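The values are calculated or read from the model by the stated rules, or taken from the named source; none is laboratory data. Here the structure is a predicted model, which is why all the values come from computation and not from measurement. Because the Cβ atoms are built from the backbone with ideal geometry, glycine has one as well, and the counts that use them run over all protein chains shown. Accessible surface is based on the protein model in full, side chains and every heavy atom, while ligands, DNA and RNA are left aside. Shrake-Rupley method; radii C 1.70, N 1.55, O 1.52, S 1.80 Å.
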Amino acid sequence: MRLRGKICLAALLAGLCGCASPMTENDRRANALLRQMTLSEKIGQMNQIASSTGAITGPMSERLSCDEAVKKGWCGSILGIKDPAEIERLQHLAVDSSRLGIPILFGHDIIHGCRTIFPENIGISCSWDLDAVERFARIAASEAAAFGVAWTFSPMCDICADPRWGRVSEGSGEDTFLSARIAESMVRGYQGDELADSSTILSCVKHFAAYGAPEAGRDYNTVDMSWSMFKDKYLPVYKAAIDAGAGTVMSSFNDFDAVPVTANSRLLRSVLRDTLGFGGFVVSDWGAVRELIAHGVAADERDAALLAFRAGVNMDMVSGCYLKSLESLVESGVIREKEIDDLVRPILKAKFALGLFDNPFRYGGEARRHEMYSGDNMQAARELARESMVLLTNNNGVLPLREGARIALIGPYADDRNEMIGAWRGMAEPDSCRTFLEGLCDRFGQSQVSVARGCDPRTDLPGGVAEAVALARRSDIVLLTLGLPNAESGEASSLSSLALPPCQKKLLRALHDTGKPVVILLVTGRPLELVEESALAQAVLVTWHPGTMAGPALADIVSGDCSPSGRLSMGFPRSEGQLPLRYNHKSTGRPLRDPASTAKYVSRYMDVSNEPLFCFGHGLSYTEFVYDNPVIENPVLSPGEDLRVSVRVSNTGTREATETVQLYVRDVLSSVTRPVRELKAFSRVTLRADQSVEVKMTIRYEDLCFTEASGRWGVEAGDFILYAGHDCSATLSAPFSVR
Ligand code: BGC
């Protein structure tokens, strides 16, 4: 039963990469240029330097003057410049004063917006709205291009099941399928149909690979996982983004299978190039080539450069090791110049594809800067911000607010522009941000909304609680902004505790004691532990760090002008002790079948449930959706055939709202242990009150593939169960089988 119906990924991809790809015009142009370049100019293209005005996320090598490096042709790329005039000046220097006039590729972390800031990526992923995601990336690209930036270090494709890791804010949560769909939508948005279009930019898939699984959730820590786990859960996200055409990949800081990725040929050559057929170029992460010394696998900078080079890293981000050592490695015969050419060629080709040789100034230009904050961009940011907000609880329908209610807006994020932006802020100008207070005042009128800060994010404010309590007493409802600040999300922001700070808990308890209904607005870049908070509050709405249009988006939701439609892309744990926590965990030989059971000798904790407090896919609306009648059109699948499913969904409430229909699959019997269920399709549908529709969906055969015991990538014949519903706990089911 296990031998039929297999497809082998390697075989599939062999067609892509086994045969030499035909020579393109850009190959010819790159080769012609390579023939004119000196060895040091070639190595210069492999060197990326950083602007001292951008984000500095690690040590810098001793600094060559930027101007010197550009004039000598010693840098192919510069990252992090925020001033468009400086980009233009340096491009002039490269084109007019370097021997061959090769244009610079300017890169930047345009992660969730450039000027118009969208929610942090974890929030974006909670929209499950792929069209909106593509639109956001399109806007981010076009604003960035107007600054002269032609390359973004996004999307981050690292899935993660451990919110102690601060960079969960930059990704799309815990799930492979959802993250893959979002990653490919982002690539399409950034790169468009034509890279040479001056409003599209080159995208960079990062951090290849498995960077989201550091031991104990500590950033930069060791990653140790099985190859089957890697291939089944982690790799498909990077693959989806690469298949969508991403032109570059960033290697990750971590080690993998005991070899730092920066020096890991198995990952960067065999998996990335040979198996996935990636034909673009790889940039190291910040300083990671030199970090091979700290990893203990390189003796010195020369050794580090050689290891990264051999592994196939085309461009050295900031460490300077390539610039210092590659020339002497060639001269001493360790590396052949042809090998240098092979790694430089994809960099030059990317510059040709971007049209930089035809017009080095096609990105940027004063005239284009009016595109920032256009009405359309702001509207898109507002829509995505409200779609990202997830209503976790809503006791007695306390939300939406009733008209005329006196609103007490309390907490450290009530009126703070900067905190709305989140980590990695592109070219953000916090002043342009609309705060929660402004949004609510615009919607309800100033007389209806009063504000008190209560406390700072991590410290008490003298008299803060008393003032907040007095305000609550004069009001009908409390909207309480709690959560973690920008600075505690993103890179190097690991936390061992996911609890809210004591000052915030104290404020919540005091407000709860007033007897007024309290709605928590949770500002955060990661899931938090909310056991007490969700018991004390009447409702909890996760707003994430919502971006430029924070206030209007919040007002849209709490007023009821729009029903919340966000769904969690990552579960909220009950305790850090449960981490890593995955809805798609495996069964084990001693599974806990009844979550309420206190039986011993089964796989469970004695002091906490196995279940998250709020699970993957969860999110309430102001209406109710009822599911019935899942029908599988072709319940016996032949190899290669997609599964066609329909399910009836009815809006039984009184308002129009959007539901995200989710399909999960369990593979009942296989040659290896398999997840208890996995998301395999989803669809957003908007239904009027009382409307009922048949939602038709497809599960692709390729999404049923996994690494079999033999190591082959395929689907094993046998029985499967489909679950359809509102979140990962869906119980409505239908069987199917693969022949
Ligand atoms: C981060 C990358 C980022 C790079 C450039 C590094 O520290 O890990 O995600 O793209 O800096 O800013």
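So that you can scan it fast, the table gives a plain yes or no per residue for (1) over 26 Å from the mean Cα position of the chain (by Cα); (2) under 30 Å from residue 390 (Cα atoms); (3) at pLDDT below 95:
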{"position": "34", "(1), (2), (3)": "yes, no, no"}
{"position": "57", "(1), (2), (3)": "no, no, yes"}
{"position": "87", "(1), (2), (3)": "yes, no, no"}
{"position": "91", "(1), (2), (3)": "yes, no, no"}
{"position": "96", "(1), (2), (3)": "yes, no, no"}
{"position": "104", "(1), (2), (3)": "yes, no, no"}
{"position": "113", "(1), (2), (3)": "no, yes, no"}
{"position": "122", "(1), (2), (3)": "no, yes, no"}
{"position": "134", "(1), (2), (3)": "no, yes, no"}
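Quick one: would you say residue 154 is over 23 Å from residue 106 (Cα atoms), surrounded by 24 or more Cβ atoms within 10 Å (Cβ to Cβ) and not hydrophobic (A, V, I, L, M, F, W, C)?
The answer is no for residue 154.
How many of the residues making up segment 606-651 are closer than 28 Å to residue 575 by Cα and surrounded by 16 or more Cβ atoms within 10 Å (Cβ to Cβ)?
Qualifying residue count for the region: 11.
Would you call residue 241 part of a helix (DSSP H, G or I), at pLDDT 95 or above and small (Gly, Ala, Ser)?
Considered against the rule, which asks whether it is part of a helix (DSSP H, G or I), at pLDDT 95 or above and small (Gly, Ala, Ser), residue 241 comes out as yes.
Within segment 487-507, take every residue that is within 16 Å of the ligand (Cβ to nearest atom) and at negative phi and give me the one that is most open to solvent (accessible area, probe 1.4 Å).
My answer is 487.
With the requirement that a residue be among the charged types (D, E, K, R), in a loop (DSSP other than H, G, I, E, B) and within 16 Å of the ligand (Cβ to nearest atom), what does segment 135-188 give you?
158
Of the residues 660, 698, 731, 654, only one is of a type in the set (S, T, N, Q) and surrounded by 20 or more Cβ atoms within 10 Å (Cβ to Cβ); which?
From the options 660, 698, 731, 654, the qualifying one is 660.
Are any residues in segment 351-390 in a helix (DSSP H, G or I) and basic (Lys, Arg), and if so, which ones?
351, 368, 369, 382, 386
From the list 537, 599, pick out the single residue that is without any contact (Cβ under 8 Å) to a residue 12 or more places away in the chain and more than 24 Å from residue 129 (Cα to Cα).
599
Within segment 289-297, identify whether any single residue is of a type in the set (Gly, Ala, Ser) and in contact with a helix residue (DSSP H, G or I) (Cβ under 9 Å, 6 or more places away or on another chain), and answer yes or no.
no
Please count how many residues of segment 704-728 are open to solvent by less than 30 Å² (accessible area, probe 1.4 Å) and either out of contact with any Leu (no Cβ under 9 Å at 6 or more places or on another chain) or among the polar types (S, T, N, Q) (or both).
3
Could you list all residues from segment 432-450 that are among the hydrophobic types (A, V, I, L, M, F, W, C) and either open to solvent by 20 Å² or more (accessible area, probe 1.4 Å) or out of contact with any Gly (no Cβ under 8 Å at 6 or more places or on another chain) (or both)?
Passing the criteria: 437, 441, 444, 449.
Tell me, which residue of segment 189-223 that is outside any helix (DSSP H, G or I) and polar (S, T, N, Q) is farthest from the chain's Cα centre (by Cα)?
Ranking the qualifying residues of segment 189-223, first place goes to 198.
Can we say residue 583 is modelled with pLDDT of 95 or more and either in the same structural domain as residue 400 (by TED's automatic domain parsing) or over 28 Å from residue 173 (Cα atoms) (or both)?
It is false that residue 583 is modelled with pLDDT of 95 or more and either in the same structural domain as residue 400 (by TED's automatic domain parsing) or over 28 Å from residue 173 (Cα atoms) (or both).
Would you check if residue 671 is of a type in the set (Gly, Ala, Ser) and open to solvent by 20 Å² or more (accessible area, probe 1.4 Å)?
So residue 671 passes the test.
State which residue is farthest from the ligand (Cβ to nearest atom) when the search covers only segment 193-227 and only residues that are open to solvent by 50 Å² or more (accessible area, probe 1.4 Å) and among the small types (Gly, Ala, Ser).
Going through the qualifying residues, I end up with 226.
Table: residues versus (1) at pLDDT below 95; (2) open to solvent by 30 Å² or more (accessible area, probe 1.4 Å); (3) in contact with a Lys or Arg (Cβ under 7 Å, 6 or more places away or on another chain).
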{"residue": "352", "(1), (2), (3)": "no, no, yes"}
{"residue": "396", "(1), (2), (3)": "no, yes, no"}
{"residue": "407", "(1), (2), (3)": "no, no, no"}
{"residue": "430", "(1), (2), (3)": "yes, yes, yes"}
{"residue": "452", "(1), (2), (3)": "no, no, no"}
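Condition first: touching a Lys or Arg at 6+ places or on another chain (Cβ under 7 Å) and open to solvent by less than 20 Å² (accessible area, probe 1.4 Å). Now tell me which residues in segment 373-394 satisfy that.
Once the filter is applied, which keeps residues that are touching a Lys or Arg at 6+ places or on another chain (Cβ under 7 Å) and open to solvent by less than 20 Å² (accessible area, probe 1.4 Å), segment 373-394 yields 380, 390.
If I filter segment 356-372 down to residues being of a type in the set (A, V, I, L, M, F, W, C) and over 14 Å from residue 95 (Cα atoms), which single residue comes out as surrounded by the most Cβ atoms within 10 Å (Cβ to Cβ)?
So the residue we want is 372.
Return only the number of the condition from (1) in contact with a Cys (Cβ under 6 Å, 6 or more places away or on another chain); (2) open to solvent by 20 Å² or more (accessible area, probe 1.4 Å) that residue 588 does not satisfy.
(1)
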